[in-house]
Amino acid sequence: MLAACGLRVTQARLDTVRTLLDSQTAMTHQQMQSRLPAMDRVTLYRTLDSLTDAGLAHRITDDSRVAHYRVNRQHSAGMARPADSPASPGIHVHRHGHFKCETCGELFCIDLPDDTVFALNETPTPWRSFWQQVVTRTLGPGFQASGCEFTVRGVCTRCTPL
Ligand SMILES: [Zn+2]
Ligand SMILES: [Zn+2]
């Protein structure tokens, strides 16, 4: 996956990607650090940045401005690969949103239906220009849209009493 994204394979990157892949939820730096106690704090930050910049992972910022990271990949079977995505097997960026548990604060990636008009950070140009039009129409010229996020709130299975 690292090679497919044009990244040099290093132990820190391997450990970071493995840890991200092991988690069902998007992970904060703090959660990552507790699973990788031997890794230097700054190295972990830099590694997460390099993975995000290379398109191997994505960053979601929650209400309290805490960044959560997750590997970009097919979140579920049956998700179509967008025509304009890079042809890296197992990795792709697609339109997706997040489910936020209001009890524990965990973030889960969710697939959005193809016919839903939601523009996300990683969306291709048509989606961005859609939101640019909305912004320009309502706020006037000069505001630049770079993306938007879609989050469903609720309670996760761990926090739901059975
Ligand atoms: Zn929860
Ligand atoms: Zn996600």
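The values are calculated or read from the model by the stated rules, or taken from the named source; none is laboratory data. As the structure is a computational prediction, the values presented were derived from the model and not from experiment. Don't worry about glycine lacking a Cβ; one is built from the backbone with ideal geometry, like all the others, and counts go over all protein chains shown.
Could you grab me the full set of residues in region 133-162 that are exposed (fewer than 10 other Cβ atoms within 10 Å of the Cβ) and within 13 Å of ligand 1 (Cβ to nearest atom)? Of everything in region 133-162, those that are exposed (fewer than 10 other Cβ atoms within 10 Å of the Cβ) and within 13 Å of ligand 1 (Cβ to nearest atom) turn out to be THR157, PRO161. Residues in region 30-84 that are more than 16 Å from ligand 1 (Cβ to nearest atom) and among the β-branched types (Val, Ile, Thr) were compared, and the one that is modelled with the lowest pLDDT is THR61.
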